[in-house]
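The values are calculated or read from the model by the stated rules, or taken from the named source; none is laboratory data. In this text the structure is predicted, and so the values were computed from the model without any measurement. Backbone-built Cβ (ideal geometry, glycine too); neighbour counts: all protein chains shown.
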Amino acid sequence: MTDEQASGSKPPHLAGKVIIPDLSGVTEAQTQNVKMMGEVTEDATKAFQKIVSGHQSTLHESLKVLSISMSDASQTAGISSDMVASADIQLKNMENVASRFAETATKMTETTNQSYEKLNQAVAQSIAKIEETAKKFSGG
């Protein structure tokens, strides 16, 4: 087995007066770069999801405790049920806001994944173009 066969790369070759290098290293490097960007993006997305989930849980728990406190206080203090109902509406509104945080995190994750796919496709197209150009220069 030659060194060329063992390494999987080809030596540069002459096409007219132009030397065409082996581009397999470029292809592999770009593929690894895109893969690494995807991994970093995925890690960041997971961290963001975890943060949002933690905040959402904390908010829900706080709202639950607040609701119980308000209910107990209203009964003890003799506050009218109309005022308690109004406070419950505000609590539900806050719960909706917390749910929207989770929706936003999900949308950001989807957008990030779509961006990664687009980047991956762009790099693949770029590499294909380079290979096509090299083949044209090499006559094959």
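Being without any contact (Cβ under 8 Å) to a residue 60 or more places away in the chain and surrounded by 12 or more Cβ atoms within 10 Å (Cβ to Cβ) is the filter; apply it to segment 128-138 and report the residue that is farthest from residue 61 (Cα to Cα). Among residues in segment 128-138 that are without any contact (Cβ under 8 Å) to a residue 60 or more places away in the chain and surrounded by 12 or more Cβ atoms within 10 Å (Cβ to Cβ), the one farthest from residue 61 (Cα to Cα) is 135.
Taking first residues from segment 98-127 that are assigned to a helix (DSSP H, G or I) and partners that are hydroxyl-bearing (Ser, Thr, Tyr), the Cβ contacts under 6 Å between residues at least 6 apart in sequence or on separate chains come to 109/45; 112/41; 112/45; 116/41; 127/27.
Checked against the criterion of being loosely packed, with under 15 Cβ neighbours inside 10 Å and either over 25 Å from the mean Cα position of the chain (by Cα) or modelled with pLDDT under 80 (or both), the candidates 38, 54, 25 yield just one match: 25. Only one of the numbered conditions (1) modelled with pLDDT of 80 or more; (2) exposed (fewer than 11 other Cβ atoms within 10 Å of the Cβ) is not met by residue 80, and that is (1).
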